[in-house]
Amino acid sequence: PTGYLDFFLLEAGDYVDQLDALCVGAGMDGPDPAELQRVARALRGSADMAKLADYARLAGAVERLGGALARGDVS
(Lines give C-alpha, C1' and ligand atoms only; values in the text may rest on other atoms or scores of the structure.)
Protein backbone atom coordinates (compact mmCIF):
# COMPACT_ATOMS: atom_id res chain seq x y z
CA PRO A 1 0.00 0.00 0.00
CA THR A 2 1.39 3.32 -1.10
CA GLY A 3 0.10 5.16 1.97
CA TYR A 4 2.24 3.05 4.27
CA LEU A 5 5.29 3.56 2.10
CA ASP A 6 4.76 7.33 2.10
CA PHE A 7 4.40 7.24 5.89
CA PHE A 8 7.57 5.18 6.19
CA LEU A 9 9.56 7.58 4.03
CA LEU A 10 8.49 10.54 6.17
CA GLU A 11 9.09 8.80 9.47
CA ALA A 12 12.24 6.87 8.59
CA GLY A 13 14.26 9.96 7.76
CA ASP A 14 13.50 11.40 11.17
CA TYR A 15 14.26 8.15 12.98
CA VAL A 16 17.55 7.69 11.14
CA ASP A 17 18.52 11.27 12.01
CA GLN A 18 17.73 10.54 15.67
CA LEU A 19 19.79 7.35 15.63
CA ASP A 20 22.65 9.20 13.98
CA ALA A 21 22.55 11.95 16.60
CA LEU A 22 22.51 9.36 19.40
CA CYS A 23 25.58 7.63 18.02
CA VAL A 24 27.53 10.75 17.05
CA GLY A 25 26.81 12.41 20.39
CA ALA A 26 27.60 9.34 22.46
CA GLY A 27 30.37 9.56 24.97
CA MET A 28 32.70 6.83 26.08
CA ASP A 29 29.77 4.79 27.44
CA GLY A 30 28.02 4.73 24.08
CA PRO A 31 24.55 5.95 23.20
CA ASP A 32 21.68 5.97 25.67
CA PRO A 33 20.41 2.38 25.48
CA ALA A 34 16.77 3.16 26.24
CA GLU A 35 16.63 5.91 23.65
CA LEU A 36 18.40 3.73 21.10
CA GLN A 37 15.80 1.01 21.68
CA ARG A 38 12.90 3.45 21.54
CA VAL A 39 13.90 5.03 18.25
CA ALA A 40 14.87 1.71 16.66
CA ARG A 41 11.52 0.20 17.75
CA ALA A 42 9.66 3.09 16.14
CA LEU A 43 11.66 2.66 12.93
CA ARG A 44 10.95 -1.08 12.96
CA GLY A 45 7.24 -0.43 13.43
CA SER A 46 7.16 1.94 10.48
CA ALA A 47 9.06 -0.55 8.33
CA ASP A 48 6.70 -3.36 9.36
CA MET A 49 3.66 -1.30 8.43
CA ALA A 50 5.19 -0.54 5.03
CA LYS A 51 6.03 -4.25 4.63
CA LEU A 52 9.75 -3.50 4.22
CA ALA A 53 11.13 -6.61 5.87
CA ASP A 54 14.82 -5.85 5.35
CA TYR A 55 14.48 -2.43 6.98
CA ALA A 56 12.46 -3.95 9.81
CA ARG A 57 15.15 -6.59 10.42
CA LEU A 58 17.88 -3.95 10.47
CA ALA A 59 15.92 -1.77 12.89
CA GLY A 60 15.24 -4.84 15.03
CA ALA A 61 18.97 -5.53 15.20
CA VAL A 62 19.62 -1.97 16.40
CA GLU A 63 16.81 -2.39 18.92
CA ARG A 64 18.41 -5.60 20.23
CA LEU A 65 21.76 -3.79 20.45
CA GLY A 66 20.11 -1.18 22.68
CA GLY A 67 18.85 -3.98 24.91
CA ALA A 68 22.29 -5.56 25.07
CA LEU A 69 23.83 -2.20 25.99
CA ALA A 70 21.23 -1.74 28.73
CA ARG A 71 22.02 -5.17 30.19
CA GLY A 72 25.76 -4.56 29.97
CA ASP A 73 26.22 -7.43 27.52
CA VAL A 74 28.03 -5.11 25.08
CA SER A 75 30.72 -2.62 25.98
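The values are calculated or read from the model by the stated rules, or taken from the named source; none is laboratory data. Keep in mind the model is a prediction, meaning the values are calculated, not measured. Neighbour counts run over all protein chains shown; Cβ positions are idealised from the backbone, glycine included. Surface accessibility is based on the protein's heavy atoms, side chains included, excluding ligands, DNA and RNA. Shrake-Rupley method; radii C 1.70, N 1.55, O 1.52, S 1.80 Å.
Figures for the structure shown
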| item | result |
| --- | --- |
| Extended-chain gain in nm, criterion 0.36 nm per residue less alpha-carbon gap, ALA21 and ALA53 | 9.1 nm |
| Rg(Cα)/(2.2 N^0.38 Å) for the chain, N = residue count | 1.13 |
| Accessible area, probe 1.4 Å, largest first, for residues VAL39, VAL62 | VAL62, VAL39 |
| DSSP H segments from the chain that extend 20 Å or more along their own axis, Cα-based, with Kyte-Doolittle mean of 0.0 or above | 2-24, 53-71 |
| Protein-only accessible surface order, largest first, of TYR15, TYR4, TYR55 at 1.4 Å | TYR55, TYR4, TYR15 |
| Solvent-accessible ranking of ASP29, ASP20, largest area first, probe 1.4 Å | ASP29, ASP20 |
| Distance (nanometres) between label positions extended 7 Å along Cα→Cβ at GLU35 and LEU5 | 3.3 nm |
| Euclidean distance between Cα centres, the range 26-51 to the range 2-16, Å | 15 Å |
